[in-house]
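Below: one structure, written as structure tokens.
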Amino acid sequence: MKKYDHKKIEKKWAKDWEEKGIYKTSEDSDKEKFYILDMFPYPSGAGLHVGHPKGYIATDIFARVKRMKGFNVLHPMGWDAFGLPAENFALKNKEHPRTSTEKNIATFKEQLGKLGFSYDWDREINTTDPKFYKWTQWAFIQMFKKGLAYESYEPINWCPSCKTGLANEDLENGRCERCDSEIEKKPMRQWVLKITDYAERLLQDLDKLPNWDKSIKEMQRNWIGKSEGARIKFQIKDLEKEIEVFTTRPDTLFGATYMVLSPEHKLVEELKDQIKNWEEVEKYQKESQKKSEIDRLDLTKEKTGVQLKGISAINPAVVRSEGFRANNEEIPIFIADYVLSSYGTGAIMAVPAHDERDNEFAIKYNLPITQVISSQTDEENKVYTGDGELVNSAQFDGLSSEEAKQKITEFVGGKLTTNYRLQDWVFSRQRYWGEPIPIIHCEKCGAVPIPEEELPIELPDVKNYEPTGTGESPLAGIDEWVNTACPKCGGEGKRETNTMPQWAGSSWYYLRYIDPKNDKELISKDKDKYWSPVDFYVGGAEHATRHLIYARFWHKFLFDIGVLNYDEPFERLQHVGLILAEDGRKMSKRWGNVINPDEIVEIFGADSMRVYEMFMGPFSQSGSWSTNGLVGARRFLEKIWKISENLTKTSLQSKEVRPNISDRKCFRKEDSKSGEDLIRELHKTIKKVEEDIEEFKLNTAVSSMMKLVNVIEENPKPSVGQKKNISKESFEVFLKILAPFAPHITEEIWNQLGHTNSIHLEEWPKYDAKLAKDDTYMIAIQVNGKIRSEVEIKAGTSEKDLEKVVLADEKIQKWIGENKVKKTIYVENKLFSIVI
RNA sequence: GCCCAGGUGGUGGAAUUGGUAUACACGCACGACUUAAAAUCGUGUCUCUAACGGGAUGCGGGUUCGACUCCCGCCCUGGGCACCA
């Protein structure tokens, strides 16, 4: 018997497929299209580990099935190659990010090449390719022209010792991870995209996406964070200044007993001369800069704040209610870090009777707590955050919260508004390795976009990747590049030296695969019409909010300016769970627990790895790698190899016409004595595998095929001396459903069985619905919810007939005894329950 | 802390979505083959009990003839929290 030599087989067929180009996508628009996409990888220097391909394997299986079902499939791959690691690598090793990136891509591509993926590499894209980022820059210019890109001073984390901006991830307890210096917030001129203009649509259109994971939609809803409320202005006493607050509870306005500004609020600076305890205030502002938003919002941490002494605000509702002027008309103003400048107006009215945080703060600083919504509990100082009937609210007493929200807002000249937690997107980085922002600054004309015909603005080479010390990008040091003419007036201009964030290219890359060579436009109308949207998008759950919201935003924008025909990019979305190392931690160089797929492919073969990764567990769940577990997948393939060996020995003499798989005759009874059972099992398996793949339950698809193989092995041989336990035709049907999972071994066996075409170009087998069902069932019999016996029935037995059999059952009679049967319940073909 | 997932044998997991809990696989034990080992094949493998039976799906309660599944309250683990990719 020949050995299952995976190395030889896998190499042979990988070469063959490439030569024949069997996975090339066509533009044949008569066929129905299917666009299935993986989130493209960042080609890091570390290469692939066994976790990366999990999602790629699953989409590859799906793509292969769709091809077999006759779809024109687009299944491409590319590289998200701008980003910080390449730049840091360049800093250390003085190697241009372009060269290190190219090397990494080559490594990734070689590794992926061993895993049997059916990508159409003619459509490969790379975000760092000027031909690609020309269109990233083009899209930015369109946004600029529509007023969606603007400049603003935004705070960044600044390390005064490294003289560079830092990501939140590079911080450790508010200190620089590298040099341990304390971080400052430094305002930096930034380009910002007005994604908030799209907040409502991004939220509403989630309803158009029934085939997205519910949890991801929920996370996006919360990220967008819509809340209805009002903006209300509070006068500062004796001064010509106002504080505007956003509140979701204007109905509780009479209960506002103090106000809080975020420490960064610009009024604080403006009121410097009136604030008597300025030193204390300034100190608090500095302290709060060090805290992250997460710390500031932590409900378990004790609230802190400082009163702005010397000034106070007037509660507009109280002051306007004649005869109601109590001592709570004038209220103190605080700054406290539990109020964020990025949310609402950066200022709140505090209602300690009806808000948890305000309540905690009020108790700590001994501030009055005025109940204005009646609640069931009469407990003093108890927070009640629900709606209810107004009390202590002058002429509004007795109204419901809902009515009062509108009436009180009106009464004080406020405005009912909607607020979103979503913030505008800071879209510039003071880095080298990113897309140059195509803007020229002119003293006369301001920020001027570069004329479209001059795109792309290529990233120039720099001598030095070191931070400039001013926080500007290394590009700022290249005078001959920076200094240029203003495209509008021809006068002196300076190029924008900020680059785009790594998210830019990934916000629209999926469109480029559709039309990768188009030099005239981002995408041609016809191709967009045929291929869009992406039918199925698979990737990590860590992208649930940012990447997926950014991409939806760009897509909607491109739709609005007429580039695209539909306003949602991804029809179906599925997230992939991580593969952790055997020790349960993330795979990382740092822990020394990385498993390289090259080794696995070498020892066990790509097919075994593919089958194992799908079999590990539910696709979206993370789990630990186990090389032991992989052995099971390998054994499964070896069993199949063995069955095929027996087949080729004994059955090749029977020359068959190509079987018509929908014809039940092709599963011949002569398979064996129990051929009928085997045929049923085969049809059940086709059905199960097909349905499971559609639902992305790839683990149970594999297990059902394993079951079938066990049945084939157990199946008695038809006669002495003959080793065949399944007919060639039936086995070939099985091979076809296995082919998407294990493309190499199935192709090899298919070839050995005498076929000259590729199994991957075969049609997906159709199952016979009648044969995919059992003809007898075991019915469990319960008495008062406990299983007491079981009976076998033929399919189609009526409930009445079954009841007779059940009640005649000795064991059941014993359990019923003298009791009366109150009720019976029949679950078809499963269970019969008796209640006594 | 907030948002989103998840918790089932020694291990990864299955369970037609309220209907026989532990499919499939790994591991382990015993047996067959072998001079021997590996590989392969076969048998067994949640737990208590001599048995009849009983108990188990993170913990505590509830709804139901019936709960891994639904509801309430806890505990633990993972992902995200806006400059990681």
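Would you confirm whether any residue within the stretch A:778-798 is outside any loop (DSSP other than H, G, I, E, B), out of contact with any strand residue (DSSP E or B) (no Cβ under 8 Å at 6 or more places or on another chain) and under 30 Å from A:Lys642 (Cβ atoms)?
No, because not a single residue in the stretch A:778-798 is outside any loop (DSSP other than H, G, I, E, B), out of contact with any strand residue (DSSP E or B) (no Cβ under 8 Å at 6 or more places or on another chain) and under 30 Å from A:Lys642 (Cβ atoms).
Taking the criterion of being over 23 Å from A:Glu110 (Cα atoms) and charged (D, E, K, R), would at least one residue in the stretch A:588-600 satisfy it?
Within the stretch A:588-600 (the criterion being over 23 Å from A:Glu110 (Cα atoms) and charged (D, E, K, R)), the answer is yes, since at least one residue qualifies.
Can you pull out the residues in the stretch A:254-274 that are more than 16 Å from RNA strand B (Cβ to nearest atom) and either within 24 Å of A:Arg175 (Cα to Cα) or open to solvent by 10 Å² or more (accessible area, probe 1.4 Å) (or both)?
A:Pro263, A:His265, A:Lys266, A:Leu267, A:Glu269, A:Glu270, A:Lys272, A:Asp273, A:Gln274
Do we find that A:Ser215 is within 16 Å of RNA strand B (Cβ to nearest atom) and within 21 Å of A:Arg357 (Cα to Cα) in this structure?
Criteria not met by A:Ser215.
For residues that are among the β-branched types (Val, Ile, Thr) and out of contact with any Pro (no Cβ under 8 Å at 6 or more places or on another chain), scanning just the stretch A:396-419, find the one that is nearest to A:Phe254 (Cα to Cα).
Within the stretch A:396-419, the match that is nearest to A:Phe254 (Cα to Cα) is A:Thr417.
Could you pull out the residue among A:Ile36, A:Ile22, A:Ile57, A:Ile61 that is among the β-branched types (Val, Ile, Thr) and open to solvent by 10 Å² or more (accessible area, probe 1.4 Å)?
Going through A:Ile36, A:Ile22, A:Ile57, A:Ile61 in turn, just one is among the β-branched types (Val, Ile, Thr) and open to solvent by 10 Å² or more (accessible area, probe 1.4 Å): A:Ile22.
At least 3 residues that are under 30 Å from A:Glu472 (Cβ atoms) and of a type in the set (A, V, I, L, M, F, W, C) in each: list the strands (runs of 3 or more DSSP E) lying fully within the stretch A:102-218 that qualify.
So the answer is A:149-159, A:184-193.
Can you tell me how many residues within the stretch A:169-182 are touching a residue at least 40 places away in the same chain (Cβ under 8 Å) and either among the charged types (D, E, K, R) or closer than 19 Å to A:Thr499 by Cβ (or both)? Quick ask: steps written out before the conclusion?
Filtering the stretch A:169-182 down to residues touching a residue at least 40 places away in the same chain (Cβ under 8 Å) leaves A:171, A:174, A:182.
Among the residues that remain, those that are also either among the charged types (D, E, K, R) or closer than 19 Å to A:Thr499 by Cβ (or both) are: A:182.
Number of matching residues: 1.
For a quick check of your reading: which helices (runs of 4 or more DSSP H) sit entirely within the stretch A:566-655 and have at least 3 residues that are under 18 Å from A:His52 (Cβ atoms) and of a type in the set (D, E, K, R)?
Details: elements: A:597-603, A:606-615, A:627-651.
Of the helices (runs of 4 or more DSSP H) lying wholly inside the stretch A:566-655, those with at least 3 residues that are under 18 Å from A:His52 (Cβ atoms) and of a type in the set (D, E, K, R) span A:597-603, A:606-615.
Taking the stretch A:624-643, which residues are over 23 Å from A:Asn593 (Cα atoms) and near RNA strand B (Cβ under 6 Å from one of its atoms)?
Residues of the stretch A:624-643 that are over 23 Å from A:Asn593 (Cα atoms), as a first pass: A:635-643.
Result: A:Arg635, A:Lys639.
If A:Asp768 satisfies every condition in (1) in a loop (DSSP other than H, G, I, E, B); (2) without any contact (Cβ under 8 Å) to a residue 12 or more places away in the chain; (3) of a type in the set (D, E, K, R) but one, which is the exception?
For A:Asp768, the exception is condition (2).
Can you tell me which residue among A:Ile726, A:Ile793, A:Ile759 is within 16 Å of RNA strand B (Cβ to nearest atom) and closer than 30 Å to A:Lys2 by Cβ?
When all the criteria are applied, what remains is A:Ile726.
Which condition from (1) within 15 Å of RNA strand B (Cβ to nearest atom); (2) assigned to a helix (DSSP H, G or I) is the one that A:Val281 breaks?
That leaves (1) as the condition not met.
Name the residue that is least open to solvent (accessible area, probe 1.4 Å), counting only residues in the stretch A:825-836 that are part of a strand (DSSP E or B) and of a type outside the set (A, V, I, L, M, F, W, C). Even if it seems obvious, please write down each step before you answer.
As a first pass, look at the stretch A:825-836 and keep what is part of a strand (DSSP E or B): A:825-827, A:831-835.
Filter once more, so that each one left must be of a type outside the set (A, V, I, L, M, F, W, C): A:826, A:833.
Values: A:Tyr826: 50, A:Ser833: 11 Å².
So, considering only residues that are part of a strand (DSSP E or B) and of a type outside the set (A, V, I, L, M, F, W, C), the one least open to solvent (accessible area, probe 1.4 Å) is A:Ser833.
Please count how many residues of the stretch A:429-458 are modelled with pLDDT of 90 or more, assigned to a loop (DSSP other than H, G, I, E, B) and open to solvent by 10 Å² or more (accessible area, probe 1.4 Å).
Matching residues across the stretch A:429-458 total 8.
Restricting attention to helices (runs of 4 or more DSSP H) lying wholly within the stretch A:464-560, give those where 3 or more residues are within 16 Å of RNA strand B (Cβ to nearest atom), buried (at least 22 other Cβ atoms within 10 Å of the Cβ) and touching a residue at least 24 places away in the same chain (Cβ under 8 Å).
A:503-506, A:546-560
Take the stretch A:603-623 and flag every residue that is more than 6 Å from RNA strand B (Cβ to nearest atom) and touching a strand residue (DSSP E or B) at 6+ places or on another chain (Cβ under 9 Å). Spell out how you get there, then give the answer.
From the stretch A:603-623, those more than 6 Å from RNA strand B (Cβ to nearest atom) are A:603-615, A:619-620; that's our starting set.
Within the stretch A:603-623, A:Glu613, A:Phe619, A:Ser620 meet the criteria.
Just need a number here: residues in the stretch A:691-712 that are farther than 19 Å from A:Leu678 by Cα and either in contact with a Gly (Cβ under 9 Å, 6 or more places away or on another chain) or outside any helix (DSSP H, G or I) (or both).
So the answer is 4.
Does the stretch A:223-240 hold any residues that are farther than 15 Å from A:Glu330 by Cβ and either free of Cβ contacts under 8 Å to residues at least 40 places away in the same chain or of a type in the set (D, E, K, R) (or both), and which are they?
Listed by number, the residues that qualify are A:Lys226, A:Glu228, A:Arg231, A:Lys233, A:Glu240.
Out of (1) open to solvent by 20 Å² or more (accessible area, probe 1.4 Å); (2) touching a helix residue (DSSP H, G or I) at 6+ places or on another chain (Cβ under 8 Å), the odd one out for A:Leu74 is which?
Condition (1) is where A:Leu74 drops out.
Consider A:Lys301 carefully, then state whether it is at pLDDT 90 or above and not in a helix (DSSP H, G or I).
No: the conditions fail for A:Lys301.
Looking at the stretch A:561-573 only, could you name the residues that are of a type outside the set (Asp, Glu) and in contact (Cβ under 8 Å) with a residue 24 or more places away in the chain?
Step one: of the stretch A:561-573, the residues of a type outside the set (Asp, Glu) are A:561-566, A:569-570, A:572-573.
Passing the criteria: A:Ile561, A:Val563, A:Leu564, A:Asn565, A:Tyr566, A:Pro569, A:Phe570, A:Arg572, A:Leu573.
Regarding the stretch A:300-321, can at least one residue be identified that is within 16 Å of RNA strand B (Cβ to nearest atom), under 26 Å from A:Thr418 (Cα atoms) and open to solvent by less than 70 Å² (accessible area, probe 1.4 Å)? Show your work before the answer.
Start the filter on the stretch A:300-321 by keeping residues that are within 16 Å of RNA strand B (Cβ to nearest atom), which leaves A:300-304.
Narrowing the set further to residues that are under 26 Å from A:Thr418 (Cα atoms) leaves none.
Among the residues of the stretch A:300-321, not one is within 16 Å of RNA strand B (Cβ to nearest atom), under 26 Å from A:Thr418 (Cα atoms) and open to solvent by less than 70 Å² (accessible area, probe 1.4 Å), which makes the answer no.
Looking at the stretch A:692-715, which of the residues that are within 7 Å of RNA strand B (Cβ to nearest atom) and more than 29 Å from the chain's Cα centre (by Cα) is surrounded by the most Cβ atoms within 10 Å (Cβ to Cβ)?
A:Met706
For the stretch A:807-824, which residues satisfy the criterion of being outside any helix (DSSP H, G or I), within 11 Å of RNA strand B (Cβ to nearest atom) and open to solvent by 100 Å² or more (accessible area, probe 1.4 Å)?
Residues satisfying the conditions are A:Lys822, A:Lys823.
Residues checked against (1) among the acidic types (Asp, Glu); (2) within 15 Å of RNA strand B (Cβ to nearest atom); (3) touching a strand residue (DSSP E or B) at 6+ places or on another chain (Cβ under 8 Å):
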residue: A:Lys145; (1), (2), (3): no, no, yes
residue: A:Tyr153; (1), (2), (3): no, yes, yes
residue: A:Lys163; (1), (2), (3): no, yes, no
residue: A:Leu171; (1), (2), (3): no, yes, yes
residue: A:Cys179; (1), (2), (3): no, no, yes
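Looking at A:Glu95, A:Glu87, can you tell me which residue is in a loop (DSSP other than H, G, I, E, B), among the charged types (D, E, K, R) and more than 26 Å from A:Val601 (Cα to Cα)?
The conditions single out A:Glu95.
The values are calculated or read from the model by the stated rules, or taken from the named source; none is laboratory data. What you are looking at is a predicted structure, and each value in this text was computed from that prediction instead of being measured. Please note: Cβ atoms are built from the backbone with ideal geometry, for glycine as well, and neighbour counts cover all protein chains shown. For the accessible areas, the whole protein counts, side chains as well, though only heavy atoms, and no ligand, DNA or RNA atoms are used. Shrake-Rupley method; radii C 1.70, N 1.55, O 1.52, S 1.80 Å.
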